[in-house]
Amino acid sequence: MVERNGRSQETTPSGSTHSPPDSFVEQANVADPAIHERFETNWPDCWTRAADLLSWDEPYDTVLEDDDAPFYRWFSDGRLNAAYNCLDRHLESGRKNHAAIRWEGKQGERRTYTYQDLYVEVNEFAAALRDLGVEEDDVVTIYLPMIPELPIAMLACARIGAPHSVVFAGLSADALATRMDAANSEFLITCDGYYRRGDAFNQKSKADNARIGLEQDVRTVVVDRLGDDLPHVLGDDEWDYHELCEEFAGETVEPVSRDAEDMLFLMYTSGTTGEPKGVVHSTGGYLAHVAWTSHAVLDIKPDDTYWCAADIGWITGHSYIVYGPLALGTTSVMYEGTPDYPDRDRLWEIVDRNAVDIFYTAPTAIRAFMKWGSDYPDRHDLSSLRLLGTVGEPISPRPWNWYREHIGGGDCPVVDTWWQTETGAVTISTLPGVDEMKPGSAGPPLPGVDARVVDAQGDDVEPGEAGYLTIGRPWPGMARTLYDGDERFVTEYWRRFSDPDADEWRYFSGDTARIDEDGYITVLGRVDDVINVSGHRLGTMEIEGAIADVDGVAEAAVVGRSNDAGNTEVYAYVSTEREREPDAAVRTAILESIESAIGPIARPAEVIFTPELPKTRSGKIMRRLLEDVANGEELGDTSALRNPEIVGEIQAEVGDGV
Ligand code: WT7
């Protein structure tokens, strides 16, 4: 059994379980203990409970079509518009003046958008996009940091039926260009720049560089975020966002009625090969699943103030800052800054001031809070909190308990939600009003989700054993395909554990996990060449490709290493060409190449030079061994190596480096 990246986590649940407090259960959206069973006996019709949270232009008759598996279709004869569901219907139900987004800017700015405000802005920008030539099904790329114009642009696209492809603002010009090229996207929404720890940082120059290499003409809208702090000039085919909105002030655009299976958005994510994968999400199934999980797992109610402290540039923010909470008509807090600026109590100050009810963040943040100590949260009144959530990587019992104790005051349930860009929405988690919590374990599959831990043959493992995390039946939020092609979709996710001849399909997540006798799943980590660094999913092959681009580099292998704080870092092993001395200049060139190909998030914590990489007799780099070396683990059998002598040298090098 291969277990990677999960190695340093104490993944064994601590034994002490927690029942949801009565006070929580009494008010929970979902508190029926029979829900798991009900969904099971009524599958797939159980999922109408999710679809019924939405407003449909045309009701659907068919819940699931599976005749073209693994290309499943959900609610496929229904029609709806996502922006209508997130905006218009709340105005119609008298919630016009209810806050939709409370934005907290990096410089301490605050802006509140009521549903009416958001409706106006989205309509104006939708009218502007139409005027620029955006048509239904055109892919619009959005390259914005955490400013309100980001969700506004997404919803404007959704309104006119143009799929958006949001590219995380911290990614490089090259990464943006690759994604725009792959999606053949002719529209870009970006900004002049944003603040990084008080300094103005130029985003537009990255966007400009990206466009240079593209074959297609690109029409670009630029949001002025920095005003005089970073003057910029608009070129041909460039428009100022605010001027455009002024031009279309007061205009409204009919929401385009979309087929449930029409693409709502594309989201690029890292995979096992160098090329990022364009994950395609549907309108109906996706929105139903995110709305349902926002309701059942995050327990969001319209009058709550809810805060998911993620970035909208990744799937978590799409599903749980924008679409899920807004579909339910709640108040979603959107935070532009970092947790430690201006001070380490910044998040708790925001929770206190906004009386936040529900808080959702990543284990890496929780480990940082724990390290900083409880003085920071203790300075604030956090008693408004009712529920806490985590997502993104395994959380071991210690930080889980710390979170519950010091942020949740000991009486908030904590949901550890497992899901992926590809699953669209939460697929494994306790239901906070129903299930017992076991710190260190994500919990049972959601009602209706057939998550299973299996061995290499695809058979269920015994309780306590580790295996591959798979999902045996379709679910509404699942990716429909990859933009790059159906074939790659099947190869990447389905081939490994399916039997197409028998028409039996099983999705493979790329994760390993353990399951206990109660069916609780503890996720261990990735089994493929993907590492998870502070919630950023990085493909080791992409990073290796960037290193290999550097003059004088012969070969590179990148692995994940768990540091003392339990966070995964990028570790790069590099061998140079014989005539090239591995000096500081090569190191600098490597770091620069990675930053320019992917972005600063992919910078290695260490670059270890070695005359050779350890290889099998057939010439495959032994990444597994390099990962063990990086993590200071006992090394297993190295006899399969062609060059076993190199291992000692690398170990010595790593020892010096750390
Ligand atoms: C990978 C997906 C969708 C959320 C953000 C990340 C890891 C996610 C958990 C969890 C253990 C988790 C998995 C997964 N992961 N949630 N609760 N416990 N691991 O989305 O970038 O698509 O990454 O994140 O390894 O495969 P993503």
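List of remarks:
- Mean Kyte hydropathy of -1.0 or more with a Cα span along the axis of at least 30 Å, helices from DSSP in the chain: none
- Taking a sphere under 11 Å around the Cβ of residue 140 and counting the other residues whose Cβ falls inside, with K and R at +1 and D and E at -1, yields a net charge of -3.
- Sorting 518-528, 142-152, 401-411 by their mean Cβ neighbour count within 10 Å, with the most densely packed peptide first, gives 142-152, 518-528, 401-411.
- Given charges at Cβ of Lys, Arg, Asp, Glu: the chain dipole, positive-most of 210, 295, 401: 401
- Ranking 287, 234 by solvent-accessible area of protein heavy atoms (1.4 Å probe, all protein chains present), from largest to smallest, gives 234, 287.
- Net dipole in debye of region 175-253 [+1 Lys, Arg Cβ; -1 Asp, Glu Cβ; about Cα centre; nearest 20]: 580 debye
- Over 24 Å (Cα to Cα) - which of 371/438; 206/371; 277/371; 206/277 fall in this group: 206/371; 277/371
- Ordered by 1.4 Å accessible area with all protein chains kept, 462, 215 run largest first as 215, 462.
- Spatially proximal lysines relative to residue 96 (Cα-Cα < 29 Å; intrachain offsets below 8 disregarded): 106, 301
- A probe of 1.4 angstrom, applied to the heavy atoms of all protein chains, finds residue 438 with accessible area near 30 square angstrom.
- Between the C-alpha center of region 165-202 and that of region 368-398 there is a gap of 31 Å.
- Region 269-342 versus region 427-499: alpha-carbon centroid distance in Å: 20 Å
- Region 500-548 pair-distance distribution - Cα-Cα, 5 Å bins, rounded %: 5, 15, 16, 18, 14, 15, 9, 5, 2, 0
- Here's how it looks for residue 452: its modeled amide H is under 5 Å from those of 470, 471, 472, which are all 5 or more places away or on a different chain.
- For the chain, the residue among 178, 373, 44 whose Cα projects farthest onto the positive side of the dipole built from Cβ charges is 373.
- Packing rank of 599-605, 16-22, 393-399, 163-169, where each peptide gets the mean count of other beta carbons within 10 Å, highest leading: 163-169, 393-399, 599-605, 16-22
- Assuming charge only on the beta carbon of Lys and Arg (+1) and of Asp and Glu (-1), the dipole of the chain about its Cα centre is about 1240 debye to the nearest 20.
- Shape call, region 154-237: gyration tensor on alpha carbons, a/c limit 1.5: prolate
- Protection-proxy order for peptides 243-255, 72-84, 542-554, 42-54, each taking the mean of Cβ atoms within 10 Å per residue, highest first: 72-84, 542-554, 42-54, 243-255
- Judged by the ratio a/c of the largest to the smallest principal axis of the C-alpha gyration tensor, region 545-635 counts as oblate, that ratio being 1.5 or greater while a/b is no larger than b/c.
- Sum of side-chain charges, residue 192 neighbourhood, beta-carbon under 12 Å (Lys, Arg +1; Asp, Glu -1): -4
- Within region 583-658: Cβ-based charge dipole about Cα centre, in debye rounded to nearest 20 (Lys, Arg +1; Asp, Glu -1): 420 debye
- Judged by the gyration tensor of its Cα atoms, with axes a ≥ b ≥ c, the chain is rounded; a/c sits under the 1.5 cut.
- Taking the charge dipole of the chain about its Cα centre, with +1 at Lys and Arg Cβ atoms and -1 at Asp and Glu Cβ atoms, the residue from 490, 148, 82 reaching farthest to the positive side is 148.
The values are calculated or read from the model by the stated rules, or taken from the named source; none is laboratory data. Nothing here was measured: the structure is a model prediction, and the numbers come from that model. Glycine gets a Cβ as well: all are built from the backbone with ideal geometry, and neighbour counts include every protein chain shown. Just the protein is used for accessible areas: all its heavy atoms, side chains included, with ligands, DNA and RNA removed. Shrake-Rupley method; radii C 1.70, N 1.55, O 1.52, S 1.80 Å.
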